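I have placed the structure first, in the form of structure tokens, so that the comments after it can refer back to it.
The values are calculated or read from the model by the stated rules, or taken from the named source; none is laboratory data. Here the structure is a predicted model, which is why all the values come from computation and not from measurement. Neighbour counts run over all protein chains shown; Cβ positions are idealised from the backbone, glycine included. Ligands, DNA and RNA are stripped out before the accessible areas are found, and what is left, the full protein with its side chains, is counted by its heavy atoms. Shrake-Rupley method; radii C 1.70, N 1.55, O 1.52, S 1.80 Å.
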Amino acid sequence: GRFYLRKIILLLAAILFLIPKVSAETVSLGVEKIYDTYAYFYDQDQDKYRYVYAEKYSFNNNLAYCLELGKKIYGGIYTPTTSFDALNISEEKLEKLKLIIYYGYEYPGHNTDAYFMAAQELIWNEMSNISLSWVESLIPSKVVDVSKEKKEILNLIESHYKKPSFISNSIEYTLGDTLSIEDSNSVLNYFEVDNEYIEIIDNKLIIHPGFEKEEITLSKPSYTQNGFLLYTSG
């Protein structure tokens with residue numbers, strides 16, 4: 001019989017990220033303490049070691065992270081904004097903060113206190129380059145180890161913009177055959193494809209008989225449509 005060859009272009013759809021939302025309301029800060037757990041760090045301004053209670057923050061049931069380690073909260077009413085100019089940091093650092101938050105506590109599979117503390121620590125590291133540890137019972141030697149969670153968040157950040165190795169390549173496919181294409185960058189599992197004749201299995205793109213298009217588009221979905229807001233008080 002005759003074999004029909006067709007060239008297929010592999011494309012990457014826009015990587016979806018968080019969609020900013022505008023709000024002018026004022027909201028109340030909610031605080032949930034993580035039982036008997038503290039951030040332990042050296043405060044250069046006060047020239048001494050300090051403990052700060054490990055706390056999870058929220059506004060209208062939306063998770064929030066603290067940007068200023070050790071700064072006392074004097075009021076509970078905050079105003080949100082989509083502008084981050086008040087932080088006076090580079091776009092690169094702001095992007096890093098957003099990625100830490102994105103892959104932090106609310107990322108699927110990360111809904112534990114350990115992941116929250118890991119993300120909070122990474123944020124404080126970015127904002128003030130300060131070293132800290134999480135401890136129990138105000139005892140420096142009783143360390144709560146979140147190194148595994150920090151590594152996982154940083155690994156996800158590193159791969160966030162990485163594309164499958166075969167993207168934008170042109171391949172030859174014989175109609176009616178099955179073709180397997182492996183991603184040497186090992187990020188394919190973060191993507192999805194909307195075609196009944198194509199599936200992603202074990203870091204491989206599998207084209208099954210019945211596929212007759214000239215393009216394959218991969219997309220990287222976001223797990224949330226929430227945006228980034230900066231909450232300020234006073």
Roll a 1.4 angstrom probe over the protein heavy atoms and tell me the percent of accessible area of region 139-234 that is carbon or sulfur. 43 percent
Please give, to one decimal in nm, the separation of the simple spin-label points placed at residue 88 and residue 63, each 7 Å out from Cα toward the Cβ. 3.0 nm
Residue by residue through region 77-82, the couplings from Karplus 6.51 cos²θ - 1.76 cosθ + 1.60 with θ = phi - 60°, in Hz, x for Gly and Pro, are 9, 10, 10, x, 8, 8
If you line up the long axis of helix 113-128 against the longest principal axis of the chain, both from Cα atoms, how many degrees apart are they, to the nearest 10? 80 degrees
Quick one: angle between helix 91-102 and the longest Cα principal axis of the chain, in degrees between 0 and 90, rounded to 10, please. 90 degrees
Considering only the chain, percent of DSSP beta bridges that pair antiparallel, nearest 5: 90 percent
Probe 1.4 Å, heavy atoms of protein chains only: per residue, the accessible area of the chain in Å² is 59 Å²
R0 of 41 Å, Cβ-Cβ distance residue 196-residue 139: FRET efficiency to nearest 0.05: 0.10
Peptides ranked, highest mean first, by Cβ atoms within 10 Å: ranges 171-179, 110-118, 81-89: 110-118, 171-179, 81-89
Entries in 96/220; 93/204; 96/213; 162/213 that, when Cα-Cα distance is taken, lie over 29 Å: 93/204; 96/213
Of 139, 200, which has the most accessible area with a 1.4 Å probe, and how do the rest follow in descending order? 139, 200
Grab the Cα-Cα distance for residue 28 and residue 233, subtract it from 0.36 nm times how many residues apart they are, and report the gain in nm with one decimal. 72.8 nm
How big is the gap, in Å, between the Cα center of region 40-97 and the Cα center of region 172-232? 37 Å
Could you compute Rg(Cα) / (2.2 N^0.38 Å) for the chain, with N its residue count? 1.31
